[in-house]
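Taking it in order: structure first as structure tokens, then the write-up.
Values in this text are rule-based calculations from the coordinates and carry no lab data. None of the values given here were measured: they were computed from a predicted structure. Positions of Cβ are generated from backbone atoms using ideal geometry, with glycine treated the same way; all protein chains shown enter the neighbour counts.
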Amino acid sequence: MLYDPSTDSLYVTLGNGRVHDTVFDDERDLAIEIDANGKVLGYDLQHASRHPDVIAEAMILLQGR
């Protein structure tokens, strides 16, 4: 998990691989990177300080790895 305070962005890595597609959730300022098999590789969260719910979800996913 990497946080950049200058942009208030958080990147959460969940897996390795090549990004095949990115799904955007504009309501939550979230981009979800997916590989060719549909596996989530990571989350890119903009305005992270406004979305503690998304950060909590990411923490749960990281604990399950």
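Odds and ends about this structure:
- Estimated inter-spin distance, residue 19 and residue 55, nm [label 7 Å along Cα→Cβ]: 2.2
- Sequence of 45, 14, 2 once ranked by neighbouring C-beta atoms within 10 Å, starting from the fewest: 2, 14, 45
- 3J(HN,Hα) couplings calculated from phi for region 25-40 with the Karplus curve 6.51 cos²θ - 1.76 cosθ + 1.60 (θ = phi - 60°) are, in sequence order, 10, 5, 5, 9, 6, 10, 10, 10, 8, 10, 8, 5, 8, x, 7, 6 Hz; Gly and Pro show x.
- Estimated vicinal HN-Hα couplings, Hz - region 52-62 in sequence order (Karplus 6.51, -1.76, 1.60; Gly, Pro = x): x, 5, 5, 5, 4, 4, 5, 4, 5, 5, 5
- Each Cα pair under 8 Å and six or more residues apart adds its separation to the average, and for the chain the resulting relative contact order is 31 percent.
- By the count of neighbouring beta-carbon atoms within 10 Å, fewest first, 57, 33 end up ordered 57, 33.
- With only the Cα atoms considered, the chain has a convex hull volume of 82 Å³ per residue.
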